[in-house]
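These notes are about the structure you will find just below.
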Amino acid sequence: MYTTSHAGESRASLRARAFSRSTFASRPLMAAAGRSVLASPRLLTMTRPGVNRGLSLLSPVPRGTRITPVRELTDSGQVRGEWVHGRGRADVPAPSTDDTILYYLHGSGYVICSARTHRGLVARLAGRAGIGAFSLDYRLGPEHRWPSGGDDTVRGYRWLLDQGFDAGQIIVAGDSAGGHLALDLLAANHSDGVPQPRAMALFSPLYDPTFQLARDLADRGVRDPIIDVGAAVTFLGLYTAGADPDHPRMRIKLSPAMDLPPTLIQVGTREIMADDARTVHRRLLDAGGLSELQEWPGQGHVFQMFPYFSPESERAVGAAAEFISRQRRR
């Protein structure tokens, strides 16, 4: 069993603290956006491209990164995403080489972002680990409702298996809503008798799509520098659309009967989703899995995406890459 760690630091860097203070203005902006979207859900669809372009600019892609788009129709539906090749890896990974690959599930609140917005993070993580990555573009709300993103995640994983990759070659990684998708994938694999991935690395994973854990944390005084709780609930509701909160694909249950992969979880201590990450960690341990939880002091939601604003971003990505490298040698 891996134990909880705190990344060896007692407080955030000066740059990270300055960034957190400067972004408190984003909470009221997000709150206003939530009210606007509640009045007109189509507004989210209209503004998503601009929001995504802004996020892409804040998460730089390393030089030498190459992209191979994927749009493939399978018997169960379409697989969309992109292969991300770091420096020195110009080709799509070949199953016959026994190469380990990363299967990345981006965050979004289930309504924004894409493989493009997370290309920088995926390229940095895969490059540091020395492997290739397939980053999935799953369907988003409000155009598509729950559980379409989960269905796409399962389809993408099984598409990789159909390409000839062994489950032992695949390491799943994801952030925020992508963490919830990763848990959904584990449950689906167990239910259908499909082999589980070799390992998982999750950044600020969402556990409860009703956002109640986050609301409880906010009520206890936690103030995330970026996320407004009310707006986040609105955005998630555009995807979950009244789904039963106790449905097993909403609040995903893990059990000792599952073959759970070793997991690394990273979370910032200043984010309102910190209890979601802690809950995922506890659920994995309670089910007999191996889980390491790293709580990074003073960091906000998915700080790993933003190396310009937090030196801890690169250190955390490096720690995740080291975890992935250890799993490759198992």
Note to self: If I go through segment 279-288 residue by residue, how many of them are out of contact with any strand residue (DSSP E or B) (no Cβ under 6 Å at 6 or more places or on another chain) and open to solvent by 10 Å² or more (accessible area, probe 1.4 Å)?
What the structure shows: 4
Check: Going by the structure shown, is Arg249 under 27 Å from Leu161 (Cα atoms), among the basic types (Lys, Arg), modelled with pLDDT of 95 or more and open to solvent by 50 Å² or more (accessible area, probe 1.4 Å)?
Finding: yes
Note to self: What's the total number of residues in segment 125-161 that are free of Cβ contacts under 8 Å to residues at least 24 places away in the same chain and either open to solvent by less than 20 Å² (accessible area, probe 1.4 Å) or of a type in the set (Gly, Ala, Ser) (or both)?
What the structure shows: 1
Notebook entry, point to check: Ala173 passes all but one of (1) under 15 Å from Ala115 (Cα atoms); (2) free of Cβ contacts under 8 Å to residues at least 12 places away in the same chain; which number fails?
Noted result: (2)
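Among Asp276, Asp259, which is the only one that is open to solvent by less than 10 Å² (accessible area, probe 1.4 Å) and of a type in the set (Asp, Glu)? Show your work before the answer.
On the way: Asp259 fails: open to solvent by less than 10 Å² (accessible area, probe 1.4 Å).
It is Asp276.
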Check: What's the number of the condition Glu295 fails, among (1) touching a strand residue (DSSP E or B) at 6+ places or on another chain (Cβ under 7 Å); (2) within 22 Å of Pro197 (Cα to Cα); (3) surrounded by fewer than 22 Cβ atoms within 10 Å (Cβ to Cβ)?
Finding: (2)
Next item on the list: Determine which member of the set Asp91, Asp98 is open to solvent by 20 Å² or more (accessible area, probe 1.4 Å), acidic (Asp, Glu) and at positive phi.
Entry: Asp98
Margin query: Every residue in segment 178-187 that is surrounded by 20 or more Cβ atoms within 10 Å (Cβ to Cβ) and under 14 Å from Pro248 (Cβ atoms), please.
Written below: His180, Leu183, Asp184, Leu185, Leu186
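Need at least 3 residues that are within 30 Å of Ala94 (Cα to Cα) per element, so show me which helices (runs of 4 or more DSSP H) inside segment 150-244 make the cut, counting only ones lying wholly within it. Spell out the reasoning first.
Details: elements: 177-192, 212-219, 229-240.
Helices (runs of 4 or more DSSP H) meeting the threshold: 177-192.
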Notebook entry, point to check: What number goes with the only condition from (1) in contact (Cβ under 8 Å) with a residue 60 or more places away in the chain; (2) in a loop (DSSP other than H, G, I, E, B) that Tyr103 does not pass?
Noted result: (2)
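Consider Val194 carefully, then state whether it is open to solvent by 10 Å² or more (accessible area, probe 1.4 Å), over 25 Å from Gln304 (Cα atoms), among the hydrophobic types (A, V, I, L, M, F, W, C) and free of Cβ contacts under 8 Å to residues at least 60 places away in the same chain.
On the way: open to solvent by 10 Å² or more (accessible area, probe 1.4 Å): yes; over 25 Å from Gln304 (Cα atoms): yes; among the hydrophobic types (A, V, I, L, M, F, W, C): yes; free of Cβ contacts under 8 Å to residues at least 60 places away in the same chain: yes.
Judged against the criteria, Val194 is a match.
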Notebook entry, point to check: If you take the residues in segment 101-124 that are among the hydroxyl-bearing types (Ser, Thr, Tyr) and either touching a strand residue (DSSP E or B) at 6+ places or on another chain (Cβ under 8 Å) or open to solvent by 10 Å² or more (accessible area, probe 1.4 Å) (or both), which one is farthest from Thr65 (Cα to Cα)?
Noted result: Ser108
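The values are calculated or read from the model by the stated rules, or taken from the named source; none is laboratory data. Worth saying up front: this structure is predicted, and the values here are computed from it rather than measured. Every residue, glycine among them, receives a Cβ derived from its backbone with ideal geometry; neighbour counts consider all protein chains shown. Heavy atoms of the whole protein, side chains included, go into the accessibility calculation; ligands, DNA and RNA do not. Shrake-Rupley method; radii C 1.70, N 1.55, O 1.52, S 1.80 Å.
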